[in-house]
Amino acid sequence: MLKNFFILCSGADKNLINSCSNAEQNKYAGIGATVFFTAIMAFIAASYALFSVFDNVYMAIGFGFVWGLLIFNLDRYIVSTIKKRDQFKMELLQAFPRIMLAIIIAIVISKPLEIKIFEKEINTVLLKEKNDLAIQNKSQVTDFFKKDLEQNQAKIDSLKSDILKKESEVNSLYNTYITEAEGTSGTKKLGKGPVYKEKREKHDMALKELDTLKAINMQKIKSLEAEAKTIQSNLDKKIQDTQPIIDNFGGLMARINALNKLPLIPSLFIMLLFFAIETAPIIAKLLAPKGEYDFKIEDYELVAVNVLAQNKYQSELQRKTDAEIYDTIYADIKNNQELYHYKKQKATELLKLQADGFVAKQKKQL
């Protein structure tokens, strides 16, 4: 039963192969088994590739099954259409387009499995790329909010600078009235005289202004610091919101690009392995000697060609014979005087009717 199934996979004619020897049947069963297992590999590869895209097991298996059937049908068609002839170069030329197609199929099949085989190495590459993307994202988001933060900090620094200037002014006035009282500057008279009182009043007024300025500016600074916290919170939220996008960076295209960044040799050998598997049925068919099944196929084709040639010859001969017969018939009719006089009479009647009709039409117009 398994042998019959593999022969079916090879695309061989069932009735014809059953009439061949057991060795010939085993040869085509081997070719069919290669076609079948190639389709199984295509199904596994396509399912994994689609699972990495859709993250849905049932959808991946469904599409993978369809892809496996497509590859199975294509390989079966390729193998079944290669006819064994006595000239190897002609057979190779016949198989060349199919070999090129097998190369394309091998690349398509091998890529998803390469991704799975080198999954750990690819994850390392993706992790590095994710870290780089996270750093770039944080830098871009920070640059976006940088202007607002700088403007906010500049306002806070300006308010603090105003307080420091006023404090410096108050301290200067304090030193002025103290040194006046000590007699070390100003009037240089020891004691608290009128000048001392005047300078003390300036200091006290400046001190009140400082207290008022501190109260106002500190309130503004508090408001600006709250605004800065809001901006920083928005910045952190923006980074947090965009992080899942970076974390999900690992789709099929990203993994293929990561695979291309790995050393070429291991990936190349895997692709060559799948190329060997994909072309195995074709190569086996080309290298196999011309067997009993091939002779019988050729015999059936020769019979069909001969029958077609005979039918074509007979049809052409019949056409020529019919043409000669009809030429003779119409030649005899042409020389028949009775038919000549009859046609002459009818033509004369037709011309008379046309003349009468023309005259009647002219009379109406007049």
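The values are calculated or read from the model by the stated rules, or taken from the named source; none is laboratory data. Just so we're clear, the structure is a prediction, and the values are computed from it rather than from any experiment. Ideal geometry is used to build each Cβ from the backbone, glycine not excepted, and the neighbour counts take in all protein chains shown.
Per this entry, LEU113 is counted among residues that are out of contact with any strand residue (DSSP E or B) (no Cβ under 6 Å at 6 or more places or on another chain) and buried (at least 17 other Cβ atoms within 10 Å of the Cβ). Determine if region 29-49 includes at least one residue that is in the same structural domain as ILE105 (by TED's automatic domain parsing) and not in a helix (DSSP H, G or I). Checking region 29-49: not a single residue is in the same structural domain as ILE105 (by TED's automatic domain parsing) and not in a helix (DSSP H, G or I). The set of residues in region 236-277 that are under 24 Å from PHE54 (Cα atoms) and among the acidic types (Asp, Glu) comprises ASP241, ASP247.
Is at least one residue of region 308-326 modelled with pLDDT under 80, part of a helix (DSSP H, G or I) and either closer than 30 Å to PHE43 by Cα or not assigned by TED's automatic domain parsing to the domain that holds TYR77 (or both)? Within region 308-326, one or more residues are modelled with pLDDT under 80, part of a helix (DSSP H, G or I) and either closer than 30 Å to PHE43 by Cα or not assigned by TED's automatic domain parsing to the domain that holds TYR77 (or both). Checked against (1) surrounded by 13 or more Cβ atoms within 10 Å (Cβ to Cβ); (2) modelled with pLDDT under 80; (3) hydrophobic (A, V, I, L, M, F, W, C), ILE163 meets all criteria but (2). Among the residues of region 295-314, is any surrounded by 16 or more Cβ atoms within 10 Å (Cβ to Cβ) and of a type outside the set (Val, Ile, Thr)? Among the residues of region 295-314, at least one is surrounded by 16 or more Cβ atoms within 10 Å (Cβ to Cβ) and of a type outside the set (Val, Ile, Thr), which makes the answer yes. Contact map, region 32-58: residues that are within 17 Å of LEU69 (Cβ to Cβ) paired with residues that are among the hydroxyl-bearing types (Ser, Thr, Tyr) and assigned to a helix (DSSP H, G or I), Cβ distance under 8 Å, separation 6+ or inter-chain. Pairs shown: GLY32/SER10; VAL35/SER10; ALA45/SER110. For region 52-61, the candidate set comprises residues that are modelled with pLDDT of 80 or more and surrounded by 14 or more Cβ atoms within 10 Å (Cβ to Cβ); within that set, the residue that is nearest to CYS9 (Cα to Cα) is ILE61. Inside region 26-58, can you point out the residues that are among the polar types (S, T, N, Q) and touching a helix residue (DSSP H, G or I) at 6+ places or on another chain (Cβ under 6 Å)? Answer for region 26-58, where residues must be among the polar types (S, T, N, Q) and touching a helix residue (DSSP H, G or I) at 6+ places or on another chain (Cβ under 6 Å): THR34, THR38, SER47, SER52.
Restricting attention to region 124-149 and to residues that are crowded, with 16+ Cβ neighbours inside 10 Å and basic (Lys, Arg), the residue that is farthest from PRO263 (Cα to Cα) turns out to be LYS138.
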